[in-house]
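All remarks here apply to the structure that follows.
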Amino acid sequence: MPRTPGAAVTARAPAKVNLLLEVGPRRDDGYHDIVTVFQALALAEDVTAERAAPGHGTTVRVRPRPGVDASAVPLDGTNLAVRAARLLAERTGVPDDVHLTIDKAVPVAGGMAGGSADAAAALVACDALWQTRLGLTALTELGAQLGSDVPFALHGRTAVGTGRGEQLAPVMTTARFSWVFVLAGDGLSTPAVYAELDRLRADRPGRLEEPRLDAVERALRSGDPLALGAALDNDLQEAALSLAPQLVATLEAGRAAGAAGAVVSGSGPTVALLATSPAHARELAAELGRDRPGGAVLVADAPAPGARVLEAVRAGGE
Ligand code: ATP
């Protein structure tokens, strides 16, 4: 019997934290080679793809979770979820008639790859809605065209990323870690942070160093949050602090409150604090949140799975 095309599919994709972010010299194409260790968080975006009438094209709306300011998210063809749906339609030859709803839980422009998670969730949701059945490998290729962090949002868990971050190798670890994220009011643009790093590094090109990766991988294998806290490192931190000097105080407050490690998340301005247990994460969040009312501190366990279908509603409500 032919399958009934789905009427709506919801997919979930995780935000990430970089346990290590090493930035090499600027390449001729303007990108930087990086060596990073991503960890996916139990803090995720949900994207629902609903079948739309022929000729509708791709549209999007955003429903921010409480405490999330989504005013900077574009609602036109530059939205990463819209770009993902259109790219999948183009690649598979199906019409791109779909209405997308993003339930946004990840801070915007916070260095946690919320937009990349939207792209990954949209790829998975539309692949299921349209029954294009590309599978993870082909979706990952499309994801890499949309952004360097999209492949990781598709795969999740913990992985080493090389190239622009899109070439992934999973890290086998059974350990779980508890994170606290201290959000900043104004976002930082990733290209602006890389440009600032180039400026600061004018006479000392960046280096990708094997020992730093070894230290993070050893700490992940041991499962010891104190070892992982000591191994956290981010070459973009210097540039993020130069553009947002108030983050120095946030890092210091996190360390003073007893975090096992404190580092700027990705390109910032979010600060990631590693706790020693879920209960310790809640204590840290309460301590850091005291001066920051309004949901500016988040707690998330890790690692979490990559993009996946949560719910599919068949046409006619079957
Ligand atoms: P990264 O660390 O991957 O650079 P980020 O977490 O710092 O990303 P995002 O929230 O992913 O930042 O997005 C950064 C910018 O991308 C936003 O300021 C916005 O202009 C644009 N954008 C496009 N689509 C989206 C989307 N679906 N959600 C959020 N931002 C989007």
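The table for this structure:
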{"item": "Verdict on Thr173 being of a type in the set (Ser, Thr, Tyr) and closer than 27 Å to Leu228 by Cβ", "result": "yes"}
{"item": "Count - residues of the stretch 51-74 that are within 8 Å of the ligand (Cβ to nearest atom), surrounded by 13 or more Cβ atoms within 10 Å (Cβ to Cβ) and either among the small types (Gly, Ala, Ser) or at pLDDT below 95 (or both)", "result": "1"}
{"item": "Neighbours by Cβ (under 7 Å, 6+ apart or cross-chain): first from the stretch 62-74, over 14 Å from Leu100 (Cα atoms) and touching a residue at least 24 places away in the same chain (Cβ under 8 Å); second open to solvent by less than 50 Å² (accessible area, probe 1.4 Å) and more than 10 Å from the ligand (Cβ to nearest atom)", "result": "Arg65/Asp103; Arg65/Ala105; Pro66/Gly295; Gly67/Gly295; Val68/Ala105"}
{"item": "Sole exception among (1) in a loop (DSSP other than H, G, I, E, B); (2) surrounded by fewer than 24 Cβ atoms within 10 Å (Cβ to Cβ); (3) near the ligand (Cβ under 9 Å from one of its atoms) for Gly77, by number", "result": "(3)"}
{"item": "Some residue of the stretch 192-210 being of a type outside the set (Val, Ile, Thr), open to solvent by less than 40 Å² (accessible area, probe 1.4 Å) and closer than 29 Å to Thr137 by Cα", "result": "no"}
{"item": "Single condition Val47 does not satisfy, out of (1) open to solvent by less than 10 Å² (accessible area, probe 1.4 Å); (2) more than 13 Å from the ligand (Cβ to nearest atom)", "result": "(2)"}
{"item": "Residues being more than 11 Å from the ligand (Cβ to nearest atom) and part of a strand (DSSP E or B) - total across the stretch 83-102", "result": "3"}
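The values are calculated or read from the model by the stated rules, or taken from the named source; none is laboratory data. Since we're looking at a predicted model, the values are computed, not measured. Because the Cβ atoms are built from the backbone with ideal geometry, glycine has one as well, and the counts that use them run over all protein chains shown. Side chains are part of the model used for accessible areas, which takes the heavy atoms of the whole protein and leaves out ligands, DNA and RNA. Shrake-Rupley method; radii C 1.70, N 1.55, O 1.52, S 1.80 Å.
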